[in-house]
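Every read-out reported here was derived from the displayed coordinates using simple, explicitly stated rules and does not represent laboratory data. Note that the structure is predicted; figures quoted are calculated from it, not measured. Cβ sites come from the backbone with ideal geometry, for glycine too, and all protein chains shown count toward neighbours.
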Amino acid sequence: MREDRILIICICIIICVVVIAASAIIITDNQKDSANQLQNTTTVQQTNNNTGSNQASSGSNSASSSSQATQATTSNNFPSVKSATFYSDGNPNTGESATINVGSENAGKTINIAVYYYRDGNTMNTPSTQAVTVGQDGSVSYTDYTAMPKYPDMAEIDITYNGNTESKTFSLGKYKGSQTKYA
């Protein structure tokens with residue numbers, strides 16, 4: 001009788017270990033998939049931007065070509081948000097992170113950035129403006145360390161460059177992990 005109880009306890013322990021190991025594998029694979037999707041998304045976005053520049057510079061009508069080139073120059077002078085990936089780790093004490101893509105044509109530019117987070121229309125943080133340099137891939141990283149007891153449902157990104165400010169607002173899902181949004 002005692003041996004049967006020990007056998008049942010051992011089987012239960014083995015089942016628990018297998019379930020925990022399987023859960024850890026699934027979570028790790030999901031995080032790797034999210035990272036791969038982010039890399040693929042950034043590459044696709046940059047390819048689309050390059051295609052638009054090529055179309056703007058090669059027009060058959062000279063007036064049309066000139067107008068398109070002026071628009072391309074104006075938009076390229078200001079590092080506008082093309083996409084943003086927001087990350088919440090689920091810990092209310094660590095704040096939120098964002099990787100913002102402003103296009104590889106802006107690589108090397110120094111911009112001032114602030115990200116405001118909201119939940120149900122209420123401000124969740126008072127961000128400090130951070131001066132960041134755009135990387136070769138056109139992205140910048142921004143972390144706000146304000147403790148947020150709930151997941152934000154909206155984010156506003158303010159970019160200031162040469163005295164001009166642009167704001168972009170994104171709706172967010174209220175969950176842990178990363179989510180990429182396009183402007």
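Rg and Dmax of region 85-159, both derived from C-alpha coordinates alone, stand at 12.7, 37 Å. Model label points for ASN77 and ILE20, set 7 angstrom from Cα along the Cα-to-Cβ axis, are 6.1 nm apart.
Peptide packing for 80-89, 139-148 was compared via the average number of neighbouring C-beta atoms within 10 Å per residue; ordered from the highest value, the list is 80-89, 139-148. With a Förster radius of 30 Å applied to the C-beta separation of GLU166 and TYR87, the computed FRET efficiency comes to 0.85. Averaging 1/r over each pair of different alpha-carbon atoms in region 124-172 and inverting the result gives 12.7 Å, the Kirkwood hydrodynamic radius. The lysines within cross-link reach of LYS82, meaning a Cα-to-Cα straight distance under 21 Å and a gap of 8 or more places when in the same chain, are LYS109, LYS168, LYS181.
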